[in-house]
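To start, the structure under review is shown below, and the notes come after it.
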């Protein structure tokens, strides 16, 4: 993934991607909305590449909420080494369980 030099000294970036997944447990499709809070160190991500990763490796797959969140978190951490990273995932529309919100810091 591209790394853009943080010459502007940006301290926080928020990203809000969406994916549709199928829950392994409930066998139902759900919408997952992510609030990514990313404090860049020396570099920050190319947003189109983050979206491509989510579209290719997350969206449309059979993953539970925690797995999908962990995959995004790990990818951003490994690729960009941010000073701080937290992601909230909000799940809506699953017919087999209520709406859920999961946080990883």
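Every read-out reported here was derived from the displayed coordinates using simple, explicitly stated rules and does not represent laboratory data. Note that this is a predicted model, so its numbers are computed, not measured. As a convention, Cβ positions derive from the backbone with ideal geometry for all residues, glycine included, and neighbour counts pool all protein chains shown.
Worth a mention:
- Across the stretch 4-17, the number of residues qualifying as outside any loop (DSSP other than H, G, I, E, B) and exposed (fewer than 14 other Cβ atoms within 10 Å of the Cβ) comes to 2.
- Residue identified as surrounded by 13 or more Cβ atoms within 10 Å (Cβ to Cβ) and in a strand (DSSP E or B) among 54, 87, 72: 87
- Among the residues making up the stretch 75-84, a single one is within 14 Å of residue 104 (Cα to Cα), surrounded by fewer than 16 Cβ atoms within 10 Å (Cβ to Cβ) and touching a residue at least 24 places away in the same chain (Cβ under 8 Å): 84.
- Residues in the stretch 90-105 that are assigned to a loop (DSSP other than H, G, I, E, B) and surrounded by fewer than 12 Cβ atoms within 10 Å (Cβ to Cβ): 93, 95, 96, 98, 99, 105.
- Enumeration of residues in the stretch 30-48 that are over 14 Å from residue 18 (Cα atoms) and not in a strand (DSSP E or B): 40, 41, 42, 46
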